[in-house]
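Here the structure is laid out as structure tokens; the discussion comes afterwards.
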Amino acid sequence: MVDFLRALIAFVRLGRPLFLAGGFVLHGLGAAMALYDGASLSLAALFWGQAAVTATQVMTHYSNDYFDLDADRANPSPTRWSGGSRILPQGRVAPRLALWAALVALVIALIAALAAALALRPGPLALPLLLLALFLAWSYSAPPLRLHSTGLGEAAGALLIAGLTPLVGYYLQAGKLGPTPLLAVTPLVLLQFVMLLVVSFPDERGDAAAGKETLVVRLGGARAARLLQLILVVFYLMLPLLWAAGLPSLVIAALLIFTLPGMVWMAWRVGQGKWREPAWWNWFGFVSIGLVVGSALVMLAAFLVS
């Protein structure tokens, strides 16, 4: 019984359940934006949309660890936020079990997507949006595309997580896409891109050794760090433009107030070259993930009270 419980705990940890919280926040943000634009809340759409989002996340976590096993084995410097769950390299779960778990989650995600799109019939874009999310999530690390090794992985991941997830939540409630969600996801996509860069710094050596050509591997750490700083600047330059285009003032203010301390800290430390130092990697991961999830959360609250 003890061995079974240990194996079960390892299997659950392989799916990184803590990371699932972000999917609830981002999908909820989409629903909050739909309510702001005058839609009525559909609990059925909220349920099936969240089921599809969470199942897609679970699929991604298991499939990433399976397909990135060589890179994770070669990684000499994993952190709490990067380098995979470490469960497969430690031999605590059979790799094939991770693949089967990913496939089961894929089937569940497809069922939820079909229920959301065909049973609820919110509009013609529902199924394409959900299937696009599934396609990008699977293709991020799985062959034949292995997007994370093409130079497009960070952009695809940012669009998938911070872009499509709120858009799905919005569309399932509103039955259409309007300027509000398209404007609102823009800063989140930039923050997610920054996060994906940040968590690639500790993995650079292992990824390069295994042929996983992330942007950090392709550009080199120094140029990737400069790209990160540039995106932080673009983020703040875009806020007045988004306000002028119609994003509510309270949402802009919430984003500005929440992100400023973390963004200034990150720009400062990256400028000091701390991205090279293992002692700082967990802090960078924590702050960058917190910026994405926290920004989505304060935006959600701002839309609900606007």
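The values are calculated or read from the model by the stated rules, or taken from the named source; none is laboratory data. Please read all numbers here as calculations on a predicted model, not as lab measurements. Positions of Cβ are backbone-derived with ideal geometry, glycine not excepted, and every protein chain shown enters the neighbour counts. What goes into the accessible areas is simple: the full protein's heavy atoms, side chains included, and nothing from ligands, DNA or RNA. Shrake-Rupley method; radii C 1.70, N 1.55, O 1.52, S 1.80 Å.
Leu29 falls short on exactly one of the conditions (1) of a type in the set (A, V, I, L, M, F, W, C); (2) closer than 19 Å to Leu177 by Cα; (3) within 13 Å of the chain's Cα centre (by Cα), and that condition is (3). Can you find a residue in region 169-179 that is in contact with a His (Cβ under 7 Å, 6 or more places away or on another chain), crowded, with 24+ Cβ neighbours inside 10 Å and on the phi < 0 side of the Ramachandran plot? Within region 169-179 (the criterion being in contact with a His (Cβ under 7 Å, 6 or more places away or on another chain), crowded, with 24+ Cβ neighbours inside 10 Å and on the phi < 0 side of the Ramachandran plot), the answer is yes, since at least one residue qualifies. One residue stands out in region 196-244 among those that are part of a helix (DSSP H, G or I) and either among the aromatic types (Phe, Trp, Tyr) or in contact with a Pro (Cβ under 8 Å, 6 or more places away or on another chain) (or both): the one that is most open to solvent (accessible area, probe 1.4 Å), namely Arg205.
Within the option set Leu183, Leu255, Leu250, Leu260, being open to solvent by 40 Å² or more (accessible area, probe 1.4 Å), part of a helix (DSSP H, G or I), out of contact with any strand residue (DSSP E or B) (no Cβ under 8 Å at 6 or more places or on another chain) and touching a residue at least 40 places away in the same chain (Cβ under 8 Å) holds for one residue only, Leu250.
Quick one: in region 111-147, which of the residues that are crowded, with 16+ Cβ neighbours inside 10 Å and assigned to a loop (DSSP other than H, G, I, E, B) is nearest to the chain's Cα centre (by Cα)? Going through the qualifying residues, I end up with Tyr140. Every test in (1) within 15 Å of the chain's Cα centre (by Cα); (2) buried (at least 22 other Cβ atoms within 10 Å of the Cβ); (3) not aromatic (Phe, Trp, Tyr) is passed by Ala21 save one, and that test is (2).
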